[in-house]
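Contents: one structure, followed by commentary.
The values are calculated or read from the model by the stated rules, or taken from the named source; none is laboratory data. Source: prediction; values computed, not measured. Please note: Cβ atoms are built from the backbone with ideal geometry, for glycine as well, and neighbour counts cover all protein chains shown. Heavy atoms of the whole protein, side chains included, go into the accessibility calculation; ligands, DNA and RNA do not. Shrake-Rupley method; radii C 1.70, N 1.55, O 1.52, S 1.80 Å.
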Amino acid sequence: MSTRQTWDSTSYQRDTGFVSTYGSDVLSWLEPKTDERILDLGCGDGVLTKEIAEAGAHVVGVDASESFIETAKAQGLDARVVDAHDLPFDAEFDAVFSNAAMHWMLEPHKVIAGVRRSLKPGGRFVAEFGGFGNVAAIVTAMQAVGAEMGGDTSLASPWFFPTVDQYRAMLEGDGFQVEEITTFYRPTPLPTGMRSWLKVMRTPFFDQFGTRSDEALDKVEQALRPAMCDHQGQWIADYVRLRFRAVLD
Ligand code: BEZ
C-alpha cells in the first residue's frame, strides 16, 4: 500500500491490537483449505497470515511496510514487501484475502485488477475494510481542529471508505461475481485510548503543527471525549466495516 504512512510495527500492535482480533471473524468467510494457495493482501504484522497457514494453506503475505514484513517474516511466514497497486502475480492463487488494509489503498481499480490477475480461474476474493462513514466523528473533529489552527484539513482523512453499492459496482465492473457484500457498525474499544490511536493513525496530520502538535491532539481528544469515552474511561471508536466475498466469473 504505497499511500500508507510509515508504520512502526511495535506501536501499531500495541495501540491497535483489535485489528487482528476482529479479523478472525472475516476469516470465517474465507474458509481456507489444506494446500490452497492464498494471498494475504496488506498482511501487516502477519497475525492472520499465520492463522491461514495454520489452516493448512500455503499463504503469501504482502504489505508495503518493511517494518510489518520484518515482523511477519520473524514468525517464519512467506512475507514480501509489495505495493498492492502493482501486484506481480499471475493466476497463482485460489483466494485473495485482506483485512483492515484496503482503506489505505487509494487506487482501488488498480488493486481489484491486480487481484483478478493474481487469481486462478474461479478464484475467490474475500475482504473486510473500512466502509462508508468509518471513523466519521474522528475525522470531523480533526478537520474542525485543522481549520481552527490553520492547517491542511485534507490530511485528516486519507482513506477509501466506499459504500456497498460503490464497491459492488467496482468488483462487478472488473469481472467478479459478488456472492455476499455487507456493511455494519462495529464500535471498537481502543486499548490505549484515543490519543495513541490518533498519533499512530494520523501522524502526518499532527506533525504539520510542529511544536503545536500536542495542542492539536488535546483539542481533538477534548472534542471527542463526550461522545466516545465511556463512564469508565474506555474510548470506543466509530468503526464501520465493509465485508464481501466475490468469485471470478
Ligand atoms: C480501520 O481499520 O477502519 C481504520 C484504521 C485506521 C484508520 C482508519 C480506519
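Does residue 21 meet the test of being open to solvent by less than 60 Å² (accessible area, probe 1.4 Å), at pLDDT below 95, within 14 Å of the ligand (Cβ to nearest atom) and among the β-branched types (Val, Ile, Thr)? No; evaluated as a whole, the condition is false for this residue. Within region 197-210, the set of residues being open to solvent by 30 Å² or more (accessible area, probe 1.4 Å) and either within 14 Å of the ligand (Cβ to nearest atom) or at pLDDT below 95 (or both) comprises 199, 203, 204. For region 153-193, a residue qualifies if it is in contact (Cβ under 8 Å) with a residue 24 or more places away in the chain and among the acidic types (Asp, Glu), and the qualifying residues are 174, 179, 180.
Across region 133-167, which residue is nearest to the ligand (Cβ to nearest atom) among those that are closer than 24 Å to residue 117 by Cβ and aromatic (Phe, Trp, Tyr)? Per the criteria, the residue is 160. The residue pairs whose first member lies in region 111-122 and is closer than 13 Å to residue 39 by Cα, whose second member is part of a helix (DSSP H, G or I) and open to solvent by 70 Å² or more (accessible area, probe 1.4 Å), and whose beta carbons are closer than 7 Å, counting only pairs six or more residues apart or on different chains, are 114/86. Of 170, 194, all but one fail to be part of a helix (DSSP H, G or I), within 13 Å of the ligand (Cβ to nearest atom) and either open to solvent by less than 40 Å² (accessible area, probe 1.4 Å) or not basic (Lys, Arg) (or both); the exception is 194.
Residues of region 63-110 that are within 16 Å of the ligand (Cβ to nearest atom), hydrophobic (A, V, I, L, M, F, W, C) and under 15 Å from residue 170 (Cβ atoms): 84, 102, 105, 106.
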